[in-house]
Amino acid sequence: MKLKKDDSEGIPNDLPSNLVDRDNTKVDTVINVNGINIGGGDIVVIAGPCAVESRDQLLDTARQVSGYGANFLRGGAFKPRTSPYSFQGLGEEGLQYLSEARELTGLPIVTEVMDTREMEMVCDYTDIIQIGSRNMHNFPLLKEAGKCRKPILFKRGLMATIDEYLMAAEYILKGGNDQVILCERGIRTFETSTRNTLDLSAVPVLKQKTHLPVIVDPSHGTGHRWLVPIMAKAAVVVGADGIMVEVHNHPEEALSDGMQSLYPEGFAQMMKEMEILAHAIGKEIFHLKHQPA
Ligand code: PEP
Ligand code: MN
């Protein structure tokens, strides 16, 4: 087995070389979900509410983001909330609404799993499984994700260095699932003007270190609606393969993350601006090239 030196703090020297390393796989990993390529050069857009709150809320939001050009619908049925008294998600009922929204719009879905015991059920419903920031170091969950047959949208831990993040992704690849999409969603710093500090330099750094696709979540990265389109555009410029944003049909009534959720019209405006920027760097937003609007 090839050995490599790694001087990162906390990571011993002379570990076997990693599956996530660019050295091991020269070509970029492209993840194809229902004909949509994540990582192939075009930019994908994942949009939808933080949480699935009701059938009406989800279907209405799904219809709108689909109409404005999203490639995937997001929505959490199992929510990792800071307070145990906050809305925890609808569970399997939420997954059923997500499938219904997929039927309605044709958009593949992305939803989070938090518990190894629910992995199989979530996997059966969804097209992409999300592992959230708080679970980046949940090794039993990462091992289950390794056995899973669906792509994993794997978010950076809020206190994780880039090398720790890649080592955690390694668990999923080592387990047999090489369909991993990395997601920068902001890290915790001393700064309080934003919810997290969106580490956009992580995008080119990850691109240099790994062959896996990298997307950015400016919603959790900033915590403020007005900052989301600005940082989404910045993500495109620094080379992200896509973005994931929270959109709610009535953000002022949202049961979670309303302050950072775009109105559907704001999402539409952001899509137009992202298109201009994508063209400026020789890229396309996926839907514009492949599905005439
Ligand atoms: C989410 O995307 O709904 C979420 C909870 O994000 P994070 O894990 O990045 O906080
Ligand atoms: Mn959220």
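The values are calculated or read from the model by the stated rules, or taken from the named source; none is laboratory data. The structure presented is a predicted model; accordingly, all values stated were derived computationally and were not measured. Neighbour counts run over all protein chains shown; Cβ positions are idealised from the backbone, glycine included. To get the accessible areas, we keep the full protein, side chains included, count just its heavy atoms, and leave off ligands, DNA and RNA. Shrake-Rupley method; radii C 1.70, N 1.55, O 1.52, S 1.80 Å.
Looking only at the range 269-279, decide whether some residue is farther than 23 Å from GLY67 by Cβ, open to solvent by 10 Å² or more (accessible area, probe 1.4 Å) and not in a loop (DSSP other than H, G, I, E, B). No, that holds for no residue.
Highlighted here are the strands (runs of 3 or more DSSP E) found entirely within the range 144-254 that include at least 3 residues which are under 16 Å from the mean Cα position of the chain (by Cα) and away from ligand 2 (no atom under 16 Å from the Cβ): 180-184.
Rundown of residues vs (1) of a type outside the set (Gly, Ala, Ser); (2) in contact (Cβ under 8 Å) with a residue 24 or more places away in the chain; (3) open to solvent by 60 Å² or more (accessible area, probe 1.4 Å), yes/no style:
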| site | (1), (2), (3) |
| --- | --- |
| ARG63 | yes, yes, yes |
| SER66 | no, yes, no |
| GLY69 | no, yes, no |
| GLY76 | no, yes, no |
| ARG81 | yes, yes, yes |
| TYR85 | yes, no, yes |
| GLY91 | no, no, no |
| LEU95 | yes, yes, no |
| LEU104 | yes, yes, yes |
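Conditions tested, residue by residue: (1) assigned to a loop (DSSP other than H, G, I, E, B); (2) of a type outside the set (A, V, I, L, M, F, W, C); (3) farther than 30 Å from LYS272 by Cβ; (4) within 12 Å of ligand 1 (Cβ to nearest atom).
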site	(1), (2), (3), (4)
ASP56	no, yes, no, no
PHE78	yes, no, yes, yes
THR82	yes, yes, yes, yes
GLY89	yes, yes, yes, yes
LEU95	no, no, yes, no
GLU103	no, yes, no, no
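Among the residues examined, LEU212 qualifies as open to solvent by less than 30 Å² (accessible area, probe 1.4 Å) and under 28 Å from PHE78 (Cα atoms). Applying the criterion of being part of a helix (DSSP H, G or I) and of a type in the set (D, E, K, R) to the residues of the range 105-129, the residue that is farthest from ASP60 (Cα to Cα) is ARG117. Looking at THR194, THR210, THR116, THR189, just one residue is within 18 Å of PRO80 (Cα to Cα), polar (S, T, N, Q) and either more than 12 Å from ligand 1 (Cβ to nearest atom) or free of Cβ contacts under 8 Å to residues at least 24 places away in the same chain (or both), and that residue is THR116. Scanning the range 30-54 for residues that are surrounded by 19 or more Cβ atoms within 10 Å (Cβ to Cβ) and within 30 Å of ILE276 (Cβ to Cβ) yields a count of 14. Restricting GLY242, GLY266, GLY258 to those that are farther than 21 Å from PHE87 by Cβ, at pLDDT 95 or above, among the small types (Gly, Ala, Ser) and surrounded by fewer than 22 Cβ atoms within 10 Å (Cβ to Cβ) reduces the list to GLY266.
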